[in-house]
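Written out below as structure tokens is the structure these notes cover.
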Amino acid sequence: MRLRNTDKEELVKQKAIELIIKDGLEGFSMNKLARACNISVATPYIYYKDRDDLIMKVAMEELRVMEEAFIKDFDPEEPFEQGLRKQWENRYRYARENPGMNQFFDQLRSSSYQEEFLSGFMTGFISAMTRFMHNITARGEIETMPFEVYWSIAFGTLYNLIRFDMEGKSLAGKPFKMTDEILWKAFDLVVKSLKK
């Protein structure tokens, strides 16, 4: 039996993410992965049972990293604006430190992996966000609304700005670079739209 090499295992994981972002799930194969890593086709099977096992294990590991980043220094008891600001800071930092991961997760969300992927979706994070939303509505800081509506208003703007920044251009194709001024101006508008 061959021994695990943690450096190779990390290479396999990182290249898998890169290939899925670049070629999509339909263009991803263990053969392509082995070629990209410059390793034997048998090597990824030391770490993963098959293609599906690789995709789900990588996704779950990355979700844990994302969850830790999103709830770092976040307190669900905080007032609305303070808590939302911390969420924007954490999410923006994660996106900057992990470029492409939003694209990786988008691939999974729009695939046959969606149900399995979402079933393990950051339970600690969801619990913290649910408590936060309950607290801010109970205190009357924002109106009661479906969570999906809240999320769309609270974070949709942020994720679109992150996408423009990562692509380096706006919808009109003009160069775009996120600045603190743009980020926090957008945040102020979002807060204003949600406050009672």
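The values are calculated or read from the model by the stated rules, or taken from the named source; none is laboratory data. Just so you know, these numbers come straight off a predicted model, no measurement behind them. Every residue, glycine as well, gets a Cβ built from its backbone with ideal geometry; the counts of neighbours run over all protein chains shown. What goes into the accessible areas is simple: the full protein's heavy atoms, side chains included, and nothing from ligands, DNA or RNA. Shrake-Rupley method; radii C 1.70, N 1.55, O 1.52, S 1.80 Å.
For this structure, a couple of remarks:
- Some residue of the stretch 95-102 being touching a Leu at 6+ places or on another chain (Cβ under 8 Å) and in contact (Cβ under 8 Å) with a residue 60 or more places away in the chain: no
- Residue match in the stretch 136-146 (condition: out of contact with any Pro (no Cβ under 6 Å at 6 or more places or on another chain), in a helix (DSSP H, G or I) and closer than 26 Å to Ser29 by Cα): no
- Filter result for Phe104 (open to solvent by less than 30 Å² (accessible area, probe 1.4 Å) and under 25 Å from Leu171 (Cβ atoms)): yes
- Options Lys86, Lys72, Lys15: the member that is without any contact (Cβ under 8 Å) to a residue 24 or more places away in the chain, open to solvent by less than 60 Å² (accessible area, probe 1.4 Å) and within 30 Å of Ala138 (Cα to Cα): Lys86
- Residue check: Phe147 meets all listed conditions (1) closer than 20 Å to Tyr94 by Cβ; (2) modelled with pLDDT under 95; (3) over 17 Å from the mean Cα position of the chain (by Cα) but one, namely (1).
- Selection within the stretch 177-196 - open to solvent by 40 Å² or more (accessible area, probe 1.4 Å) and either in contact with a Gly (Cβ under 6 Å, 6 or more places away or on another chain) or part of a loop (DSSP other than H, G, I, E, B) (or both): Lys177, Thr179, Lys196
- When the stretch 47-69 is filtered for residues that are without any contact (Cβ under 8 Å) to a residue 60 or more places away in the chain and among the hydrophobic types (A, V, I, L, M, F, W, C), the ones remaining, listed by number, are Leu54, Ile55, Val58, Ala59, Leu63, Val65, Met66, Ala69.
- Subset tally (residues that are more than 17 Å from the chain's Cα centre (by Cα) and either at negative phi or in contact (Cβ under 8 Å) with a residue 12 or more places away in the chain (or both)) for the stretch 154-196: 27
- Selected residue (criterion: farthest from Phe70 (Cα to Cα)) from residues of the stretch 152-176 that are assigned to a loop (DSSP other than H, G, I, E, B) and among the aliphatic types (A, V, I, L, M): Ala172
- Matching residues, the stretch 107-156, being touching a Gly at 6+ places or on another chain (Cβ under 7 Å) and open to solvent by 20 Å² or more (accessible area, probe 1.4 Å): Gln107
- On the stretch given as the stretch 15-32, residues that are farther than 18 Å from Gln103 by Cα and either touching a Pro at 6+ places or on another chain (Cβ under 7 Å) or not polar (S, T, N, Q) (or both) total 2.
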